[in-house]
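Taken together, the values in this text are just the output of simple stated rules run on the coordinates, not laboratory data. If you're wondering where the values come from, they're calculated on a predicted model, not measured in any experiment. Quick reminder, even Gly has a Cβ in these numbers, built from the backbone with ideal geometry, and neighbours come from all protein chains shown.
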Amino acid sequence: MILDAITNIERYRSLSLNMSKAIDFIIAGNTINQPAGKIEIDGENVFLLMNEYETKVQADCKTESHRKYIDIQWMIAGTEKVGFSFLDNQEITESYNHEKDYTFYNAQIDYFELKQGWFAIFFPTDLHCPSIAFQHPMKIRKAVFKVKV
């Protein structure tokens, strides 16, 4: 997992060609004004899921991992609490969904605050539990780039 300010996103370009494509999209300034929904960048190799939702109580959020994609989760407006852990034989609560690329877990997790202007990168070896209300529920706007491994 990586946590950083969006102004430093260029530092992570060398992680992969697909990561570089997502970063090009971010740097071009194409993200902030996108409507909610799926935006194709490079077919199924790189795409953006623009999210607008209200954060929830922790009990209503699920800890997940992905196999096919790396997530770049960029908080555009608002703040949420995010749980994280490293994938290490945790109890699976919902088996891998090939179509939606997720597995859900029951796991001991730590937390951080994903603030406006920050991003987190989650690799297939990282568990993450987004959408948790920080102090109180609030409407957030978050860009989630799906970067094929």
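Residue check, residue 31 against (1) of a type in the set (Ser, Thr, Tyr); (2) in a loop (DSSP other than H, G, I, E, B); (3) touching a Lys or Arg at 6+ places or on another chain (Cβ under 6 Å), all met but one. Which one?
(3)
Return the pair list, or none, for Cβ contacts closer than 6 Å from residues in segment 85-96 that are among the β-branched types (Val, Ile, Thr) to residues that are surrounded by fewer than 13 Cβ atoms within 10 Å (Cβ to Cβ), at least 6 apart or on different chains.
93/106
Provide a single number: the residues in segment 97-118 that are in a strand (DSSP E or B) and free of Cβ contacts under 8 Å to residues at least 40 places away in the same chain. Lay out the reasoning, then the answer.
Pass one, segment 97-118, residues in a strand (DSSP E or B): 97, 102-106, 110-114, 118.
The next check asks that each one be free of Cβ contacts under 8 Å to residues at least 40 places away in the same chain; those that pass are 97, 102-103, 110-111, 113.
Qualifying residue count, segment 97-118: 6.
For segment 122-149: of the residues being of a type in the set (Phe, Trp, Tyr) and within 14 Å of the chain's Cα centre (by Cα), which is surrounded by the most Cβ atoms within 10 Å (Cβ to Cβ)?
Step by step, filter segment 122-149, then rank; the result is 145.
Quick one: what pairs do we get from segment 30-45, first residue under 14 Å from residue 141 (Cα atoms), second surrounded by 10 or more Cβ atoms within 10 Å (Cβ to Cβ) and among the small types (Gly, Ala, Ser), C-beta under 7 Å, 6+ apart or different chains?
Close Cβ pairs satisfying both conditions: 31/143.
Check off (1) assigned to a strand (DSSP E or B); (2) within 20 Å of residue 2 (Cα to Cα); (3) touching a residue at least 40 places away in the same chain (Cβ under 8 Å) for residue 124 and give me the number that stays unchecked.
(1)
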